[in-house]
Amino acid sequence: MKIFHGWKMAGSAAGIQMLHAALLHQSFGAYFAILIEQKGWSKTSLSAASAMQSAETAIIGPAMGWLIDRFGPQNMIRAGIITFGVGLMMFSQIETLAGLYASVLVIALGSSLSGYFPLNIALIHWFERKRARALSISGLGLAVGGILVPLVAWSMQQFGWRATAFGSGVLMIALGWPLARLFKRRPEDIGETLDGLPPPAPGEATDLHPEAGTQREFTARQALRTSAFWLLALGHGFALFVVTAVNVHAINHMRQSLDYSVAQASLFIMIMTAFQVGGVLLGGAVGDRYSKRWMCAACMLMHAVGLLMLTFATGPLMLTAFAVLHGLAWGVRGPFMQAIRADYFGRRSIGMILGLSSLIIAIGQIGGPMVAGVLGDATGDYRAGFTVLALLAGAGSLLFAFARRPAPPI
């Protein structure tokens, strides 16, 4: 029996996101803690490196969206794999903050070109009825990658952070390139159909999914005129206040406040991502059947409570509560961010719509690490910064609750 190529692409997207998460995004906190210890750099200066990644993604987001809508994401993903790997090799050679920032800019470019944005748009053009399931499979890679963070931390202890970073760059290219080659622009290009379903008989309705299809094909300009566009973008940004702050600062917080080693702290990141895997599987099972916006609203409250558990943790019990709540919330909510926009606005201009959204989402991507880092330097610990971010996430649940489906464009 022939396997629908869209599922092969979903598996490939999962593999690429696993590499992104394991080799950098969720292991950056381990690099962060080691660089503070070895180089004596401040939390704010290293938070700025993370913020630069997000700022670059936001700046090029609309251009990426336009290019994807015009030419498809396949060549962009391949270029991103090479750029990401080269950036990690550059990172392994840094001696100064200027060198760190230069390598981060290259990594950020590679991450943007081959990350969740183009990967998910590629899948959106292949799936409609099973869109949430396909995007959840893709997001599963991001979660599984986090489970590998203790392995990256072990490598840093055994071989040093430089050798680990250089080896990660080689691994990214060696494994990511064949995965990137699986991406095709449209099902029609290789003789397949949306969702892998048989082509409709003459006169048969083609609107297979009541929440999507040709009746909801918004242009980017039309989407910008809806309140749903802005509420979803702000809600996504508020979620990333927590996600990015945790990725950058959680390991250093456990090292500083609880006197854990990098390897010990990484174990709680592994627990977090194990529950993220569970959340992705849960979201994939129910996302095409129930209201995504209400599930996202609930996830925002879980993000908030989970971060407060981390902030005021006195031992492993509270850290485990953080890992469970934050991991589940991230796993369920993450794939829905693109799926709900495709449900609301259709596929025709989804690249540009997501690209414009990235300008707003960057508020959370940049603000999360910076708020935690600046307040951490000012107060000596992360409690003030993490508490502010937790309250923002809790308030963000209202944004999703009010993000109702817009009326179809005229």
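The values are calculated or read from the model by the stated rules, or taken from the named source; none is laboratory data. It should be emphasised that the depicted structure is a prediction, and the values quoted were computed from it without experimental measurement. All Cβ positions, even for glycine, are placed from backbone atoms using ideal geometry, and neighbour counts span all protein chains on display.
Pairs under 7 Å by beta carbon, first residue within 19 Å of Thr193 (Cα to Cα) in the stretch 4-26, partner acidic (Asp, Glu), six or more apart or different chains? Matching pairs, first to second residue: Phe4/Glu192; His5/Glu192.
Please verify whether the stretch 151-173 includes one or more residues that are outside any helix (DSSP H, G or I) and in contact (Cβ under 8 Å) with a residue 12 or more places away in the chain. Steps first, please.
Restricting attention to the stretch 151-173, the residues satisfying the condition of being outside any helix (DSSP H, G or I) are 160.
Imposing the further condition that a residue be in contact (Cβ under 8 Å) with a residue 12 or more places away in the chain reduces the set to none.
No, that holds for no residue.
Filter the stretch 372-388 down to residues that are of a type outside the set (Ser, Thr, Tyr), under 24 Å from the mean Cα position of the chain (by Cα) and surrounded by fewer than 21 Cβ atoms within 10 Å (Cβ to Cβ) and give me whichever is modelled with the highest pLDDT. This residue is Val388.
Table: residues versus (1) surrounded by fewer than 24 Cβ atoms within 10 Å (Cβ to Cβ); (2) over 30 Å from Ala378 (Cα atoms); (3) modelled with pLDDT under 85.
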{"site": "Met18", "(1), (2), (3)": "yes, yes, no"}
{"site": "Leu23", "(1), (2), (3)": "no, yes, no"}
{"site": "Ile77", "(1), (2), (3)": "no, yes, no"}
{"site": "Ser92", "(1), (2), (3)": "yes, no, no"}
{"site": "Ser111", "(1), (2), (3)": "yes, yes, no"}
{"site": "Ser114", "(1), (2), (3)": "no, yes, no"}
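Note on the stretch 117-167: among residues that are under 16 Å from the mean Cα position of the chain (by Cα) and of a type outside the set (A, V, I, L, M, F, W, C), the one that is modelled with the lowest pLDDT is Gly146. One residue stands out among those in the stretch 338-361 that are assigned to a loop (DSSP other than H, G, I, E, B) and either polar (S, T, N, Q) or in contact with a His (Cβ under 8 Å, 6 or more places away or on another chain) (or both): the one that is modelled with the lowest pLDDT, which is Arg347.
With respect to Ala297, is the statement that it is surrounded by fewer than 22 Cβ atoms within 10 Å (Cβ to Cβ), in a loop (DSSP other than H, G, I, E, B) and touching a residue at least 40 places away in the same chain (Cβ under 8 Å) true? Judged against the criteria, Ala297 is not a match. The set of residues in the stretch 80-139 being under 28 Å from Arg186 (Cβ atoms), hydroxyl-bearing (Ser, Thr, Tyr) and free of Cβ contacts under 8 Å to residues at least 60 places away in the same chain consists of Thr83, Ser112. Counting only residues that are assigned to a helix (DSSP H, G or I), over 19 Å from the mean Cα position of the chain (by Cα) and aliphatic (A, V, I, L, M), the stretch 80-94 holds 4 of them.
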